[in-house]
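This report concerns only the one structure given below.
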Ligand code: CO
């Protein structure tokens, strides 16, 4: 039998009150707001971001519902055996036909910070290990950064870079490019402290920068 939920913590109910406010505000701006959304979605962008509560895709890009297809997990990872991520990517690329996929990391990422330590955290260590692989690939540059905060920030950027690359390696993106689709793959990093998104200038629309071994013909 479940333990009785504390009667004093009603914070979850404020979300339902918030929902009412959202409906009222949306309908006051456009009486057809929900009718239009209910017809279907055609978002131009797939966002792969961190699950961190401070990095909500729509709010920080000032985009309304319907504009961004979203997948979020701890530390915005693209892991090849992750059926959740692959299903989202396949649906976004092949059914919704998005034009861009953006991996967005953020400075101060707890997942990346945890991966930089030797501490064990439990089951999540198996997820964090993929981030440690990113450290191994860039250990020379990261080890040379003495300031821990700066090293963590650079690690966040490398993590975005490697997950953009992981995205390009997937059969889904490879096949889109093989068919001549102009699918853009991008890497961004968000600052929780300033709200600024920085484009890491990793944008790629084809196989030109891929190692030969990953290319499908
Ligand atoms: Co994070």
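The values are calculated or read from the model by the stated rules, or taken from the named source; none is laboratory data. None of the values given here were measured: they were computed from a predicted structure. Positions of Cβ are generated from backbone atoms using ideal geometry, with glycine treated the same way; all protein chains shown enter the neighbour counts.
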Condition broken by residue 140, with the remaining ones in (1) within 16 Å of the ligand (Cβ to nearest atom); (2) surrounded by fewer than 12 Cβ atoms within 10 Å (Cβ to Cβ); (3) within 23 Å of residue 201 (Cα to Cα) satisfied: (1)
Residue check, residue 77 within 16 Å of the ligand (Cβ to nearest atom), in the same structural domain as residue 156 (by TED's automatic domain parsing) and not in a loop (DSSP other than H, G, I, E, B): no
Residue pairs meeting the criteria (Cβ under 9 Å; at least 6 apart or on separate chains; first within 22 Å of residue 94 (Cα to Cα), in the stretch 51-69; second within 12 Å of the ligand (Cβ to nearest atom)): 57/49; 57/72; 57/104
Tally, over the stretch 99-109, of residues that are touching a strand residue (DSSP E or B) at 6+ places or on another chain (Cβ under 7 Å), in a loop (DSSP other than H, G, I, E, B) and over 15 Å from residue 73 (Cβ atoms): 2
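From the list 58, 19, which one is out of contact with any strand residue (DSSP E or B) (no Cβ under 8 Å at 6 or more places or on another chain) and surrounded by 10 or more Cβ atoms within 10 Å (Cβ to Cβ)?
On the way: 58 fails: out of contact with any strand residue (DSSP E or B) (no Cβ under 8 Å at 6 or more places or on another chain).
One residue alone meets the criteria, 19.
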Wholly within the stretch 110-217, helices (runs of 4 or more DSSP H) carrying at least 2 residues that are in contact (Cβ under 8 Å) with a residue 60 or more places away in the chain: 148-169, 171-178
Unmet criterion (only one of (1) outside any helix (DSSP H, G or I); (2) more than 12 Å from the ligand (Cβ to nearest atom); (3) in contact with a strand residue (DSSP E or B) (Cβ under 6 Å, 6 or more places away or on another chain)) for residue 92: (1)
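State the number of residues belonging to the stretch 35-60 that are more than 16 Å from the ligand (Cβ to nearest atom) and either within 19 Å of residue 157 (Cα to Cα) or touching a helix residue (DSSP H, G or I) at 6+ places or on another chain (Cβ under 7 Å) (or both). Walk me through how you get there before you give the answer.
Quick first cut of the stretch 35-60, residues more than 16 Å from the ligand (Cβ to nearest atom) only: 35-46, 58.
From the residues that got through so far, the ones that are either within 19 Å of residue 157 (Cα to Cα) or touching a helix residue (DSSP H, G or I) at 6+ places or on another chain (Cβ under 7 Å) (or both) too are 46.
Qualifying residue count for the region: 1.
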